[in-house]
Structures are given as C-alpha cells and as structure tokens.
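The values are calculated or read from the model by the stated rules, or taken from the named source; none is laboratory data. Note that this is a predicted model, so its numbers are computed, not measured. Neighbour counts are summed over all protein chains in view; Cβ atoms, including those assigned to glycine, are modelled from backbone coordinates with ideal geometry. Heads up: the accessible areas ignore ligands, DNA and RNA and are worked out on the full protein's heavy atoms, side chains in. Shrake-Rupley method; radii C 1.70, N 1.55, O 1.52, S 1.80 Å.
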Amino acid sequence: MTFAIIETGGKQYKVAEGETLKVEKLPAPEKGQTITFDKVLLIDDGKETKIGDPYLAGVTVTADWLQTGRSKKVTVLKFKNKIRYKKVYGHRQPFTEVKIAGLKTKTAKN
C-alpha cells in the first residue's frame, strides 16, 4: 500500500490514493482543475520509505476538489461565578473536502 504524508494548512495528513479527507479551506479551483500538494514530507511504497528534509523534491500529490463547507458548530462558553458574567458564542470551521487522485514522482533524466 502506497501512502504519503503531506502538509497543508499548518497540519499534516496521511493520504493514500482514493481516500477522501477534509483539510483546511483552500481556494476552489476552476472547473476541470485539480489541486496539487507539493509539500510532501514522506512517501512509502511498501518496499522503500523516502523522508524529506523537510520536503521531498519532485514529489507531488494530486487531488480532486469535492466540496467546500463548514463543520459542526463548536459552542464556546465564558462564565464567572457570582459575578453575573456569561458569554456564549459559536464557531464553525470552514473546510475543503478532497479526494486523492494519485502520487507523482519526477524521475531524474541522465
């Protein structure tokens, strides 16, 4: 099983071909375009593992854009006892859902 670890939105994700995952919000591509992640930290094909320093040169992960949305609401509550102070507000984090299309490695030509 081939997998890679990519970095996007300040977070690291373990991805494999065909997986669907939610990442921090990315700009929506134009119709027919794919998203390319070039910050690949590690790639493993089952026989050999390559680790970047910090990123692997010439390795990219392509993904198809599925949707942009907002996750479930997180309620934040601030409360001080005996002072009649209470603040409640919510937050919905935006995300982009992508499906990993493939891992590409550029080979050096001699």
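Structure notes:
- Among the residues making up region 91-110, those that are part of a strand (DSSP E or B) and among the hydroxyl-bearing types (Ser, Thr, Tyr) are THR96, THR105.
- Of the residues making up region 55-67, those that are open to solvent by 80 Å² or more (accessible area, probe 1.4 Å) and in a loop (DSSP other than H, G, I, E, B) are TYR55, ALA57.
- Residues (of a type outside the set (S, T, N, Q) and exposed (fewer than 12 other Cβ atoms within 10 Å of the Cβ)) located in region 95-110: LYS106, ALA108, LYS109
- Summed over region 68-90, the residues that are open to solvent by 80 Å² or more (accessible area, probe 1.4 Å) and either assigned to a strand (DSSP E or B) or under 19 Å from LYS22 (Cβ atoms) (or both) give a count of 13.
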